[in-house]
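Have a look at the structure below, then the notes.
None of the figures in this text is laboratory data; all of them are computed from the coordinates on show. Only a predicted model underlies this, so the values are computations on that prediction, with no experimental measurement involved. Please note: Cβ atoms are built from the backbone with ideal geometry, for glycine as well, and neighbour counts cover all protein chains shown.
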Amino acid sequence: DSLIKGNISNWEYNSWVHRCNIPALFIKGTKSEYMSDEYVAEIGKFFPNFELRDVEGSHWVNTEKPKECAEVLTEFIERHEDKN
């Protein structure tokens, strides 16, 4: 069951229970095959205030490109830290 529900498109959805309205950042490796367009569409259900940023790399982009990921995270945090 957990393998089938391993990606967000298979998660149970109830907008009253499963919704995170704070800003959320998803970083996707441009060469990753794990996050399809279908998954991106589903992310918006759970995280309506999300941003998706691409960083060149595979699924493990955070270990391959830590500096680039840190820059994306820093920029995101700086834009949102005073708003919440």
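For LEU25, what residues show an amide H to amide H distance below 5 Å, using hydrogens built from the backbone and excluding near sequence neighbours?
Here the answer is GLU51, since their amide H atoms fall under 5 Å of that of LEU25.
Taking amide H positions as placed in the peptide plane 1.01 Å from N, state which residues far from ASP54 in sequence (5 or more) or on other chains have amide H under 5 Å from it.
So ASP54 has HN proximity to LYS28.
At what distance in nm do the modelled label points of THR30 and PHE76 sit from each other, each positioned 7 Å from its Cα along Cα→Cβ?
Taking the simple label geometry, THR30 and PHE76 are separated by 1.8 nm.
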